[in-house]
Every structure is written in structure tokens, then in C-alpha cells.
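My questions all concern the structure below.
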């Protein structure tokens, strides 16, 4: 249930309404917009909303039929902006996150960092712990990889994003990483989500390979219900009967999620297609569809990459793509 306070309602009226909701057994999540304070009331049942509508300072009470109450657009109609230092995800700018799939060596990460930073990338991606289908595949460099990622990003004034695998890694990750990525395989690892919900750190939540949009938003709800509202949704492709591409990048999910939820949405065309030649067209399509950012794999020598080289762009391909995106973004009232 959503309680919308009157425009510029004073704090004492808001406090009285909150107290009343708490007495009824609700957990309260507050969102303050430009003109209205919105109270998300979760966890209890109320038969008649008129009792709340008559409270002083209340403008309206809205029942939310979807199961994801806090992630719904009704909770925050103006949309969420995730701010990390001077980077805003969910604002006017389409935020680029780029770098290698996996941190392999200091030379590799430094070369790639220089290439993406030269194109205005604000957030460097790189995996240090890699969930692989085969136990014999390269699993990442661990903490050493995170350290290399942090050092390279700092050298070029970028933030970092990397995938966390389990709750025990949280103390390590918060030392090196600005945005904690929950991979597709862990989207419904609810114990991990509950632990990440306790942090004051943004979480990039990837849609699972067989997850519906509602299931994705319910995973986001786990994070928000636990207190972490700094959530970014990532469309990274789903499994369909098509085998030509690694996954089917669901471009339609971008405007759908942005209608249903206030959370920022980014796209990962690298995992979404699994093919280097298909990454640029799908990246262009994602920006045109309203994506708030892109997560793209770039490698200085993808033919020798230890992980996902086939879907990683060469630096010169990334440079060309950025030039194209700078032309597309203004057409949808965004900027790169």
C-alpha cells in the first residue's frame, strides 16, 4: 500500500501518519520527492483505506496489486537515481560500464582501462570471481583481481563494478568495488540478497536466464525490503529456443520495467548476444529503448582472452560504438 502525503506536508503530519501505520503493523519505507512524501506500507492487512485517507495530511491511499511494493513505480513515480560520487545512474546521461569480462593480468587490465577511459567511460567492469559452467574453466584471480581492477580504475578516475558470488565475500568486495553485481545465476540467491540489503552500497541486479520481469523485480524487492534502495536492474538476455545467439536480449524488457518500476535499468548486450559482431547493434537498440546505461565487455586482445573473448569488443570497435551512441542518445532526449 502506498500513502501519498499532501504537497509539502509538514514533518509532524508525516510522523503522525507513520506512527498510525506502525501501530497497524506495517513496515514503513519513506520516499521524498520534489513535492510529495510517499510512504510505502508493507507487511500488514487493512480492510478499509478510508481510515487512512481521513488522517490529516494524507492526499490519497493507493493499493498496490503487484507483489513488489517498494520496487513499483507507484512507490516513487519520478524514478530513482543511483548516485555514486559524481556519477548518476537513472538521470539524463546514459552511463557506460565497460572493461574485460575477467581480470587476467595487470597488463591486460591497464591497457583496457586506458582504452575505455579515453571514450568517457565512468565505471570499469571486471570479474575477479567467475561462475563458470565447467569446473575446469578459468575461475578468476580472486582478491588479486579486485585489487588490480581498483588500481586501474583509480588511475583513470573511474568507479568499479564486479560480480560477488557469496555473502562471505562482502567484506572483501566493499574494500575494492563501488557497485556490487549480482549475476544472473544468483538473482534468486535470497540469502545473498538479504545480506546485500544491509549494505550502503549500490547493487546491480542481473535478470536470471529464465526469469520473468516480475521475478526480477521481486528479487529487487528483497534488497529494498531489507533497507537497500540503491538497486540497478540489468537486462542481460534470457534463454529461448533460439540457439544462434548465446541468449536472447529482451530489449522490450527495458521500457516494460521502466513502466512498472522506478529503478534504473541498464542492458548487457555482450552476454545478451555472446557475439562480438552483434554487440554494437543491440547496444544501439538498448539506448533507443530507454536504457539508463550499458554494460559492455572490452578486451585489448579478445582472441587470447581467458573468458568470453568472442563477445568482447576490441578497443577500436568500442570507440566506433561510442561515436554511434553519441548520435542516438539525443534522439531519445539523453546524452552520453
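Residues that are buried (at least 22 other Cβ atoms within 10 Å of the Cβ) and in contact with a helix residue (DSSP H, G or I) (Cβ under 8 Å, 6 or more places away or on another chain): which strands (runs of 3 or more DSSP E) entirely in region 70-113 hold 3 or more of them? Before the answer, list the steps.
On the way: elements: 82-84, 87-89, 95-99.
The strands (runs of 3 or more DSSP E) meeting that bar are 95-99.
Please work out which residue is surrounded by the fewest Cβ atoms within 10 Å (Cβ to Cβ), limiting yourself to region 41-69 and to residues that are modelled with pLDDT of 90 or more and under 23 Å from residue 233 (Cβ atoms).
Of everything passing the filter in region 41-69, 69 is surrounded by the fewest Cβ atoms within 10 Å (Cβ to Cβ).
Among the residues of region 32-51, write down those that are more than 25 Å from the chain's Cα centre (by Cα) and in a strand (DSSP E or B).
Result: no residue meets the conditions.
Specify the residue that is surrounded by the most Cβ atoms within 10 Å (Cβ to Cβ); the eligible residues are those in region 147-171 that are in contact with a helix residue (DSSP H, G or I) (Cβ under 6 Å, 6 or more places away or on another chain) and more than 21 Å from residue 268 (Cα to Cα).
Ranking the candidates gives 152 first.
Do the conditions hold for residue 91, that is, is it assigned by TED's automatic domain parsing to the domain that holds residue 218 and closer than 20 Å to residue 260 by Cβ?
On the way: assigned by TED's automatic domain parsing to the domain that holds residue 218: yes; closer than 20 Å to residue 260 by Cβ: yes.
When the stated conditions are applied, residue 91 passes them.
Could you list, in sequence order, all residues of region 226-248 that are touching a strand residue (DSSP E or B) at 6+ places or on another chain (Cβ under 7 Å) and over 17 Å from residue 180 (Cβ atoms)? Don't jump to the end; show me each part of the working.
Pass one, region 226-248, residues touching a strand residue (DSSP E or B) at 6+ places or on another chain (Cβ under 7 Å): 228, 230-238, 240, 242, 247-248.
Result: 235, 237, 238, 240, 242, 247, 248.
Looking at region 227-247, which of its residues are closer than 16 Å to residue 212 by Cα and not in a loop (DSSP other than H, G, I, E, B)? I'd like the intermediate steps shown before the answer.
Within region 227-247, the first condition is being closer than 16 Å to residue 212 by Cα, and the residues that meet it are 233-241, 247.
Of everything in region 227-247, those that are closer than 16 Å to residue 212 by Cα and not in a loop (DSSP other than H, G, I, E, B) turn out to be 233, 234, 235, 238.
Moving to a separate point now. Go through region 307-336 and give me each residue that's part of a loop (DSSP other than H, G, I, E, B) and more than 20 Å from residue 134 (Cβ to Cβ). Don't jump to the end; show me each part of the working.
Filtering region 307-336 for residues part of a loop (DSSP other than H, G, I, E, B) gives 307-308, 312, 314, 333-334, 336.
Within region 307-336, 314, 333, 334, 336 meet the criteria.
Another question, then. Hand me the list of helices (runs of 4 or more DSSP H) wholly inside region 249-306 holding 3 or more residues that are buried (at least 24 other Cβ atoms within 10 Å of the Cβ), in contact with a helix residue (DSSP H, G or I) (Cβ under 8 Å, 6 or more places away or on another chain) and not assigned by TED's automatic domain parsing to the domain that holds residue 31. Give the steps one after another, and end with the answer.
Numbers: elements: 253-260, 269-273, 279-288.
Because the criterion is at least 3 residues that are buried (at least 24 other Cβ atoms within 10 Å of the Cβ), in contact with a helix residue (DSSP H, G or I) (Cβ under 8 Å, 6 or more places away or on another chain) and not assigned by TED's automatic domain parsing to the domain that holds residue 31, the helices (runs of 4 or more DSSP H) in region 249-306 that meet it are 269-273, 279-288.
Looking only at region 200-215, count how many residues are touching a helix residue (DSSP H, G or I) at 6+ places or on another chain (Cβ under 7 Å) and either free of Cβ contacts under 8 Å to residues at least 40 places away in the same chain or in a loop (DSSP other than H, G, I, E, B) (or both).
The number of residues fulfilling the criteria is 6.
When you look at residue 116, is it at pLDDT 95 or above, touching a helix residue (DSSP H, G or I) at 6+ places or on another chain (Cβ under 8 Å) and farther than 17 Å from residue 180 by Cα, yes or no?
Working: at pLDDT 95 or above: yes; touching a helix residue (DSSP H, G or I) at 6+ places or on another chain (Cβ under 8 Å): yes; farther than 17 Å from residue 180 by Cα: yes.
Yes: the conditions hold for residue 116.
The values are calculated or read from the model by the stated rules, or taken from the named source; none is laboratory data. Note that this is a predicted model, so its numbers are computed, not measured. Neighbour counts run over all protein chains shown; Cβ positions are idealised from the backbone, glycine included.
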